[in-house]
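Worksheet: one structure, shown below.
The values are calculated or read from the model by the stated rules, or taken from the named source; none is laboratory data. The structure presented is a predicted model; accordingly, all values stated were derived computationally and were not measured. Heads up, the Cβs are rebuilt from the backbone with ideal geometry, glycines too, and the neighbour counts pull from every protein chain shown. Keep in mind that these areas ignore ligands, DNA and RNA; they rest on the heavy atoms of the full protein, side chains included. Shrake-Rupley method; radii C 1.70, N 1.55, O 1.52, S 1.80 Å.
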Amino acid sequence: MSVRVSVKGAETRKVILDASEILFAQHGYHATSLRDIACEADVRLSLVHYHFGNKHDIFSAAMDRKIGDLLGAVAASFDAADHDAAFRQLTIEETVAAFVLPFLSIAATPGHDLRHYVVMTSHLMSSYRMPELRPILAKLSVVSNLFEKRIAMLMPGTNEADILAGIYLIEAALIF
């Protein structure tokens with residue numbers, strides 16, 4: 001059975017998600033309430049509950065809706081770096097730069113469609129100890145996996161734990 005969503009309902013969901021993304025980026029998960037989201041979205045609190053149920057579900061939906069765009073931005077950066085490198089393999093430094101540059105560019109561009117999203121994800125990643133947020137955090141692994149595969153190709157024979165430790169340090173630097 002499929003659920004029909006009206007045009008007005010879809011627009012309301014978008015407004016709520018846009019507002020939640022801004023607030024989660026500004027204040028983090030725990031400091032943002034459903035009431036705050038309703039106020040920012042300029043909708044009744046009952047509409048927030050109707051469309052999403054609870055804060056966890058809003059946060060999950062907000063994370064889901066732009067993960068593909070973020071993954072696409074990182075993949076495009078790798079593609080551009082590969083193109084610039086022409087007929088040679090990227091160095092470790094070029095690979096790290098290709099991973100980091102989209103985040104820096106997005107964060108430095110006011111009004112960028114992914115700006116609040118990237119800040120929101122950094123809040124999430126800095127909250128990795130909260131068990132209720134781990135499943136949502138795991139969704140971001142598609143971006144890290146793209147980077148991990150690139151590094152593993154450049155460092156054959158390096159064990160996965162060492163590669164993951166290096167990636168964790170780079171991601172932590174981006175977050176903090």
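One residue is enough: does region 72-91 have a residue meeting the conditions touching a helix residue (DSSP H, G or I) at 6+ places or on another chain (Cβ under 6 Å), in a helix (DSSP H, G or I) and open to solvent by 40 Å² or more (accessible area, probe 1.4 Å)? No: region 72-91 contains no residue that is touching a helix residue (DSSP H, G or I) at 6+ places or on another chain (Cβ under 6 Å), in a helix (DSSP H, G or I) and open to solvent by 40 Å² or more (accessible area, probe 1.4 Å).
The set of residues in region 92-113 that are assigned to a helix (DSSP H, G or I) and over 14 Å from the mean Cα position of the chain (by Cα) comprises I92, E93, E94, T95, V96, A97, A98, L101, S105.
Each residue in region 116-134 was checked for being without any contact (Cβ under 8 Å) to a residue 40 or more places away in the chain and in a helix (DSSP H, G or I), and 2 of them qualify. Screening R44 with (1) open to solvent by less than 30 Å² (accessible area, probe 1.4 Å); (2) closer than 30 Å to Y29 by Cβ gives one miss only, at (1).
Starting from region 58-78, take each residue that is within 23 Å of A19 (Cβ to Cβ) and list its partners that are of a type in the set (S, T, Y) and at pLDDT 95 or above, counting only C-beta distances under 6 angstrom and pairs at least six apart or across chains. Taking only residues 6 or more apart or on different chains, the pairs are I58/S20; A62/S20. Taken over region 106-115, residues that are open to solvent by less than 70 Å² (accessible area, probe 1.4 Å) and in contact (Cβ under 8 Å) with a residue 12 or more places away in the chain amount to 3.
Taking only region 121-176 into account, find how many residues are of a type in the set (K, R), modelled with pLDDT of 90 or more and open to solvent by 60 Å² or more (accessible area, probe 1.4 Å). Give the steps one after another, and end with the answer.
Initial filter on region 121-176 (of a type in the set (K, R)): 129, 134, 139, 149-150.
Filter again for modelled with pLDDT of 90 or more, leaving 149-150.
When the remaining residues are screened for being open to solvent by 60 Å² or more (accessible area, probe 1.4 Å), the result is 149.
Residues that pass the stated criteria total 1.
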